[in-house]
Amino acid sequence: MDDQENSERILVGVDGSPSSIEALRRGARIAKAFDAPLEAVTTWEFPTALDGFYYPAPEWSPESDAHQILSTAVEQAFPDGPPDKFTTTTLQGAPARVLITESEHAGMLVLGSRGHGGFAGLLLGSVSGACAEHAHCPVLIMHSKDAKPE
């Protein structure tokens, strides 16, 4: 991908939540309208130890989990297959930090309103809030179609 195409890409943060699937669908429509590349990004981290103790199962891989989450989300968003100019990426790091850094080379960042963490009544999650405040490109925050006001 050349620098111009990279700066025009539509970047979508995906965590597998219903609102991130909606973000992926909307990102695809925007990318098509602008004839821009679409990139879905999922992040992963090694969990931190609580009270100094953490013993993960030796066969467990957070990176593999991230790849599976992203693959499943793509299948749910695009049951007939992904659009042209579509790529997927998994990156190590905290979601907000990674997406803000990646936004330096994007035309737009599209996110779900809240992911799997947090409190059900929140309208905006910590990642989407941080990205809306600090991203280097326009940010669109999507709610899932199933979202109900509390």
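The values are calculated or read from the model by the stated rules, or taken from the named source; none is laboratory data. Keep in mind it's a predicted model, so treat the numbers as computed, not measured. We place every Cβ from the backbone using ideal geometry, glycine too, and count neighbours over all the protein chains shown.
Here is the figure for the range 82-131: residues that are on the phi > 0 side of the Ramachandran plot and either modelled with pLDDT of 90 or more or basic (Lys, Arg) (or both) total 2. Taking every residue in the range 83-97 that is without any contact (Cβ under 8 Å) to a residue 24 or more places away in the chain and pairing it with any residue that is surrounded by fewer than 16 Cβ atoms within 10 Å (Cβ to Cβ) and in a strand (DSSP E or B), at least 6 positions away or on another chain, yields no pair with a Cβ-Cβ distance below 9 Å.
When the range 94-115 is filtered for residues that are in contact with a Cys (Cβ under 7 Å, 6 or more places away or on another chain) and assigned to a loop (DSSP other than H, G, I, E, B), the ones remaining, listed by number, are 106, 107.
Do we find that residue 36 is at pLDDT 95 or above and over 18 Å from residue 141 (Cβ atoms) in this structure? The answer is yes for residue 36.
For (1) crowded, with 22+ Cβ neighbours inside 10 Å; (2) out of contact with any Phe, Trp or Tyr (no Cβ under 7 Å at 6 or more places or on another chain); (3) at pLDDT 95 or above, each residue gets a yes or a no:
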{"residue": "5", "(1), (2), (3)": "no, yes, no"}
{"residue": "10", "(1), (2), (3)": "yes, yes, yes"}
{"residue": "18", "(1), (2), (3)": "no, yes, no"}
{"residue": "29", "(1), (2), (3)": "no, yes, yes"}
{"residue": "42", "(1), (2), (3)": "yes, yes, yes"}
{"residue": "60", "(1), (2), (3)": "no, yes, no"}
{"residue": "63", "(1), (2), (3)": "no, no, no"}
{"residue": "72", "(1), (2), (3)": "no, yes, yes"}
{"residue": "75", "(1), (2), (3)": "no, yes, yes"}
